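Enquirer: This is the structure, below, for whatever I ask next.
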Amino acid sequence: MLYEQILSAKKECKKLLAILIDPDKVAVERISVLTEKIKQSPATHIFVGGSSFAGHHLDEIIIEIKSKINLPILLFPGNPSQISAEADGILFLMLLSGRNPDYLVEHQINAVPILEKTKLEIISTGYILIESGSETAVERVSKTKPLPKTNVEYVAQTAKAGELIGNKLLYLEAGSGALNAVPLEIIKNVSNRISVPLIVGGGIRSKKQIADAYTAGADLVVIGTAFENDLNFFD
């Protein structure tokens, strides 16, 4: 069970790292180069998804990744069209930072008939967008505003509410290509407030920022844009 493995890692204080692959930005022909670099990295998981992917080659991308590398693949979908039975699991996202009902419950309802036809491990995930200095794709597509980074207590309350609702993971997100990463103070406060594993992503551009996020309390850090732009990021 993927979730049990994440829980075990948290209990053992073993930090996890996910490489986020945006299917909008990756051609199937380029997967071999990508996976070779991932093999050389400390990655423990691969996330696949994006805010606005509308293509028809998601299955093909995941099949190709699985043929090249033996890491768990979790879907990180922007909407139900981004579900593939070829993955190992799915972060079943609830956008806790926004009040758009489509992203709180409607997309999840529409995903049920698709998910019921798969064997994906479904992991309920509270998703919290934090302001990062510029409008991100998540903000634009979901038509929601991120939580202000200055209101640390409200962010922590939101995360705790997500846990109490039943989310098995909490995900603090600055957004793809964010100018600034999630502030360490927020990571620390949320980590201290919740007992479930904490994921942090967006705006992380250096190995030091990864280490700092871990120290602040992140259990799993996600790298996307920085790795896309420099496949030698971990060299």
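The values are calculated or read from the model by the stated rules, or taken from the named source; none is laboratory data. Treat the numbers as computed from the prediction; the structure is a model and nothing was measured. Note that we place each Cβ from the backbone using ideal geometry, even for glycine, and neighbour counts take in every protein chain shown. Each accessible area value is taken on the protein alone, full model and side chains, heavy atoms only, with ligands, DNA and RNA left out. Shrake-Rupley method; radii C 1.70, N 1.55, O 1.52, S 1.80 Å.
Enquirer: State the extension gain, in nm to one decimal, for the chain segment bounded by Lys68 and Lys145, taking 0.36 nm per residue of separation less the distance between their alpha-carbons.
Expert: The span from Lys68 to Lys145 would gain 23.9 nm if fully extended.
Enquirer: Moving to a separate point now. If you count only protein heavy atoms with a 1.4 Å probe, what accessible area per residue comes out for region 11-144, rounded to a whole Å²?
Expert: 46
Enquirer: Let me know the shape class of region 1-77, please: from the alpha-carbon gyration tensor, a ≥ b ≥ c as square roots of the eigenvalues, rounded when a/c is under 1.5, otherwise prolate if a/b is greater than b/c, or oblate.
Expert: The shape class here is prolate.
Enquirer: Tell me the per residue accessible area of region 159-235 using a 1.4 Å probe; a whole number in Å² is fine.
Expert: Averaged over the residues of region 159-235, the accessible area is 40 Å².
Enquirer: Ok, one more. Counting only other residues whose beta carbon sits under 15 Å from that of Met94, what net charge do I get with K and R as +1, D and E as -1?
Expert: Local charge sum for Met94: -1.
Enquirer: Pick from Ile73, Ile122, Ile187: which residue has the top mean-square fluctuation in a GNM of the chain where Cα pairs under 10 Å get a spring?
Expert: Largest GNM mean-square fluctuation: Ile122.
Enquirer: Restricting to DSSP H runs of at least four residues, report the calculated mean residue ellipticity at 222 nm for the chain, -39500 (n - 2.57) per run over all residues, nearest 500 deg cm²/dmol.
Expert: Roughly -10000 deg cm²/dmol at 222 nm, from the helical runs in the chain.
Enquirer: Can I ask one more? Share of the chain's accessible area from carbon and sulfur, percent, 1.4 Å?
Expert: Heavy-atom surface of the chain belonging to carbon and sulfur, 1.4 Å probe: 53 percent.
Enquirer: Next question, about the same structure. Quote to one decimal, in nm, the extra length available between Ser134 and Lys14 on full extension: 0.36 nm per residue of separation minus the C-alpha distance between them.
Expert: Result for the pair: 40.0 nm of gain on full extension.
Enquirer: Let me ask another. Using 27 Å as the Cα-Cα cut-off, could you pick out the over-long pairs in Lys37/Lys168; Lys68/Lys208; Lys10/Lys188; Lys14/Lys68? Write out the running numbers ahead of the final one.
Expert: Details: Lys37/Lys168 30 Å; Lys68/Lys208 29 Å; Lys10/Lys188 15 Å; Lys14/Lys68 25 Å.
Correct reply: Lys37/Lys168; Lys68/Lys208.
Enquirer: Suppose every Lys and Arg Cβ carries +1 and every Asp and Glu Cβ carries -1, with no other charges. What dipole size does the chain come out with about its Cα centre, to the nearest 20 debye?
Expert: Roughly 560 debye, rounded to the nearest 20.
Enquirer: Need one number: nm distance between label points at Ala211 and Arg99, each 7 Å from Cα along Cα→Cβ, rounded to one decimal.
Expert: About 4.2 nm, to one decimal.
Enquirer: Run the numbers for Glu185 and Ala85: contour at 0.36 nm per residue of separation, minus the present Cα-Cα distance, in nm.
Expert: On the way: separation 100, 0.36 × 100 = 36.00 nm, distance 3.75 nm.
Difference between extended and current length: 32.3 nm.
Enquirer: Let me ask something else about it. Of all DSSP beta bridges in the chain, what percent run antiparallel (nearest 5)? If you can, show how the numbers build up before the last one.
Expert: Numbers: 0 of 33 bridges.
Approximately 0 percent, going by the DSSP bridge assignments.
Enquirer: Here is a further query. Given labels modelled 7 Å from the Cα in the Cβ direction, how far is it in nm from Met1 to Ile109?
Expert: Each label point is offset 7 Å from its Cα along the Cβ direction, giving 2.9 nm.
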